[in-house]
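> Sharing a structure below in structure tokens format, with a few things to ask.
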Amino acid sequence: MDPENQDRIMGLVDEHGAGDLVVVLGAADLESLEVAAETVTVGDPAYVGPLAGVQLGLPVVHILEEDVKEQVDAGVYDEQVGLLEMTLDVDQVREAAKKFPGRDGSS
Amino acid sequence: MKLDGKKVIALGERDGVSGPAIAACVQSAGADVVFVETECFV
């Protein structure tokens, strides 16, 4: 993840506290997803940004997960994600999301 | 994970769902978006 974004996220945790924050990812690439999820939970796996070795432990979800989709207004979801939902490998993303750090694999 | 009332960091990706698209979705779910970014993974 871009070091500048890591810095912003660290600042947001300082400002708001980790308790109310949730990271919602939108990446379709599995490696990219894994890196982003790791960075905001257990620290930057590449050890290049300010989150290297910093365990923020933020909850991470993906916008394509059923549990997230159910909470979004259907019209908005269709407008913003509908087309991508048809073209991206949604099942693959959902499987990857189950393995985000902090998940127990059952959600 | 309930989004209503949460502060959301929307981290999209150029080749997937963009940050602004995520933000629009989670706002409709009652979340407060505090950061929006669309990364380009290389």
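Coordinate-derived values only; no laboratory data. Because the structure is a prediction, the values reported are computed rather than measured. Every residue, glycine among them, receives a Cβ derived from its backbone with ideal geometry; neighbour counts consider all protein chains shown.
> Could you please report the charge total around A:Leu64, scoring K, R as +1 and D, E as -1 over all other residues with beta-carbon less than 9 angstrom from its beta-carbon?
-1
> Follow-up. If neighbour count is taken as other Cβ atoms inside 10 Å, put B:Cys40, B:Cys25 in order from fewest to most.
So the ranking, lowest neighbour count to highest, is B:Cys40, B:Cys25.
> For the residues A:Met10, A:Met1, A:Met86, what sequence is obtained by ranking on other C-beta atoms within 10 Å, fewest first?
So the ranking, lowest neighbour count to highest, is A:Met86, A:Met10, A:Met1.
> Once amide H atoms are built 1.01 Å from N in the peptide plane, which residues 5 or more positions from A:His62, or in another chain, come under 5 Å H to H?
A:Leu25
> Calculate I(q)/I(0) for chain A by the Debye formula, one identical point scatterer on each C-alpha and no solvent, and give its log10 at q = 0.15, 0.21 Å⁻¹ to two decimals.
One equal scatterer on each Cα of chain A leads to -0.66, -1.14.
> Once you list every other residue whose beta carbon is under 12 Å from the beta carbon of A:Asp14, what net charge do they have if Lys and Arg are +1 and Asp and Glu are -1?
Summing Lys and Arg as +1 and Asp and Glu as -1 gives -1.
> Compute the angle between helix B:19-28 and the longest alpha-carbon principal axis of chain B, please, reported from 0 to 90 degrees and rounded to the nearest 10.
10
> In terms of modelled amide H atoms, which long-range or inter-chain residues lie less than 5 Å from the amide H of A:Val22?
B:Lys7, B:Val8, B:Ile9
> Another question, if that's okay. Where the convex hull is taken over the Cα atoms of chain B, what is its projected area averaged over directions, in nm²?
2.8
> If you add up the charges near A:Ala36, with Lys and Arg at +1 and Asp and Glu at -1, over every other residue whose beta carbon is less than 9 angstrom from its beta carbon, what do you get?
After counting each charged neighbour, the total is -4.
> Still on this structure, I have one more. Between helix A:30-39 and chain A, what is the angle of the helix's C-alpha long axis to the longest principal axis, kept within 0 to 90° and rounded to the nearest 10?
40
> Here's a follow-up. Given DSSP loops and a limit of at most 16 other Cβ atoms within 10 Å, what is the longest stretch of chain A that contains no such trypsin sites (Lys or Arg not before Pro)?
That would be A:1-98.
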